[in-house]
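Note sheet for the following structure.
The values are calculated or read from the model by the stated rules, or taken from the named source; none is laboratory data. Worth saying up front: this structure is predicted, and the values here are computed from it rather than measured. For neighbour counting, all protein chains shown are included, and Cβ atoms are generated from backbone atoms with ideal geometry for every residue, glycine included. Accessible surface is based on the protein model in full, side chains and every heavy atom, while ligands, DNA and RNA are left aside. Shrake-Rupley method; radii C 1.70, N 1.55, O 1.52, S 1.80 Å.
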Amino acid sequence: MKKSVNLKITSTQYIENLKPSGEAYRRELELEDSMEILTEGTVYSRNNATYITYEESEATGSEDVRTLFKLEDGAIRIRKYGRDEDDEGMDMMLKPGILNITRYQIPMMSSVNLEVYTNKLEDNLDEEGYGTVSVDYRIKFDKFFSRRNILEIEVKPS
């Protein structure tokens, strides 16, 4: 059964720097950007998977776009798709230890291929679908752009 919920979605992006540490290097994260969305959405379960959906808004720069999170088998699939037939949107699978290549439609530009490596996924949703989901992943675009992202989704009763 679908339930209306309140969502708090936080996306934090970091630049990874390698700093010398003795004879090796250690990774240091430098905050680059952070965004928080408070919105209403829907949560439901089907075929051993949990789905969380919401409509993007003009404030996020993605008006007329629906976002869907599907949690299943220790992975999260993130799909963004618009009402426009030409909008390829995004379909990204994040599973710890797996490198994926995904196509992403950048607003007002052409689509690009992104390499996505998932470091960690924590799914702390209860049987009702309430709780938190956190995923830590690295996105690489070409050889010039690599960022570490932490996405947190908090699902609360509405």
Positions within segment 110-129 being open to solvent by 50 Å² or more (accessible area, probe 1.4 Å), in contact with a Ser or Thr (Cβ under 6 Å, 6 or more places away or on another chain) and at pLDDT below 95, in sequence order: none
Please go through segment 14-32 and pick out each residue that is out of contact with any Phe, Trp or Tyr (no Cβ under 9 Å at 6 or more places or on another chain), surrounded by 11 or more Cβ atoms within 10 Å (Cβ to Cβ) and either within 12 Å of I150 (Cα to Cα) or of a type in the set (A, V, I, L, M, F, W, C) (or both). Y14, I15
What number of residues within segment 130-151 satisfy the criterion of being at pLDDT 95 or above and either assigned to a loop (DSSP other than H, G, I, E, B) or open to solvent by 80 Å² or more (accessible area, probe 1.4 Å) (or both)? 1
Assuming E154 fulfils every condition listed in (1) modelled with pLDDT of 95 or more; (2) not in a strand (DSSP E or B) apart from one, which condition is it? (2)
Being part of a strand (DSSP E or B), of a type in the set (A, V, I, L, M), within 15 Å of the chain's Cα centre (by Cα) and more than 20 Å from V116 (Cα to Cα): is that true of I52 here? yes
